[in-house]
1. So which pairs qualify, if the first residue must be in segment 61-82 and free of Cβ contacts under 8 Å to residues at least 40 places away in the same chain and within 23 Å of Tyr49 (Cβ to Cβ), the second must be β-branched (Val, Ile, Thr) and in a loop (DSSP other than H, G, I, E, B), the Cβ gap must be under 9 Å, and the two must be at least 6 apart or on different chains?
2. Hey, does segment 92-109 have a residue that's open to solvent by 60 Å² or more (accessible area, probe 1.4 Å), modelled with pLDDT of 80 or more and assigned to a loop (DSSP other than H, G, I, E, B)?
3. Within segment 30-60, take every residue that is open to solvent by 80 Å² or more (accessible area, probe 1.4 Å) and outside any helix (DSSP H, G or I) and give me the one that is nearest to Ser99 (Cα to Cα).
4. Within segment 1-21, track down each residue that is at pLDDT 90 or above and either among the polar types (S, T, N, Q) or over 14 Å from the mean Cα position of the chain (by Cα) (or both).
5. Here's a check for you: in segment 22-47, which residue that is within 25 Å of Ala81 (Cβ to Cβ) and in contact (Cβ under 8 Å) with a residue 40 or more places away in the chain is nearest to the chain's Cα centre (by Cα)?
6. Here is a list: Lys63, Lys80. Which entry is at pLDDT 85 or above and either surrounded by fewer than 17 Cβ atoms within 10 Å (Cβ to Cβ) or over 22 Å from Glu17 (Cα atoms) (or both)?
7. Would you confirm whether or not segment 21-29 contains a residue that is farther than 18 Å from Ala94 by Cβ, surrounded by fewer than 19 Cβ atoms within 10 Å (Cβ to Cβ) and among the acidic types (Asp, Glu)?
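The values are calculated or read from the model by the stated rules, or taken from the named source; none is laboratory data. Fair warning: this is a prediction, and the values are worked out from it, not measured in the lab. Here the Cβ positions follow ideal geometry from the backbone for every residue, glycine too, while neighbour counts run over all protein chains shown. Quick note on the areas: whole protein, heavy atoms, side chains included, nothing else; ligands and nucleic acids left out. Shrake-Rupley method; radii C 1.70, N 1.55, O 1.52, S 1.80 Å.
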Amino acid sequence: RLNDLPHGVIKRYALEEWNRIYPILNDIKMINALDLVALEMLCIEWALYWRATEQVNAYTQYKTMDTKSGQVVIINSYRKAQDKAMKNLLKLLAEFGMSPVKRLQGAAVAKYLENHPPNPIEVANAKR
């Protein structure tokens, strides 16, 4: 279903994350056909988070507007989207054992990471 997303940055980021994470979860037998929708949601939230982060970095996060009753602070709408995607992403990551606590609880993930340490270049590229 990720292929059904409109073309653009969100689709590209979501597909990149899918291609990064699915093989790992599949190798450690942490995912099956019933989990694919949740994994798709995780990848989409990942993409939304990074797209919003790009927009937050490109524009002012907060601005003030003068009104008759004083100044009003307006939060960049991308900052709100970034925050929401981050919260959703953290929940989904935990579901797949991708948090420090969950990794301690999941021997399969720990064993995989022990034998496949993360490549710093791949990690940096994943955050584009």
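1. Listed by first residue and then by second, the contacts come to Asn76/Thr60.
2. To start, the set of residues in segment 92-109 that are open to solvent by 60 Å² or more (accessible area, probe 1.4 Å) comprises 95, 100-105, 107.
Then keep just the ones that are modelled with pLDDT of 80 or more; that gives 95.
Going one step further and asking which of them are assigned to a loop (DSSP other than H, G, I, E, B), we end up with none.
No.
3. Filtering segment 30-60 for residues that are open to solvent by 80 Å² or more (accessible area, probe 1.4 Å) and outside any helix (DSSP H, G or I), the one nearest to Ser99 (Cα to Cα) comes out as Asn32.
4. Correct list: Asn19 only.
5. Ranking the candidates gives Trp46 first.
6. Numbers: Lys63 fails: at pLDDT 85 or above.
Checking each option against the conditions leaves just Lys80.
7. As a first pass, look at segment 21-29 and keep what is farther than 18 Å from Ala94 by Cβ: 23, 26-27, 29.
This time we only want the ones that are surrounded by fewer than 19 Cβ atoms within 10 Å (Cβ to Cβ), so: 23, 26-27, 29.
If we keep only those that are among the acidic types (Asp, Glu) as well, we get 27.
Yes, that holds for at least one residue.
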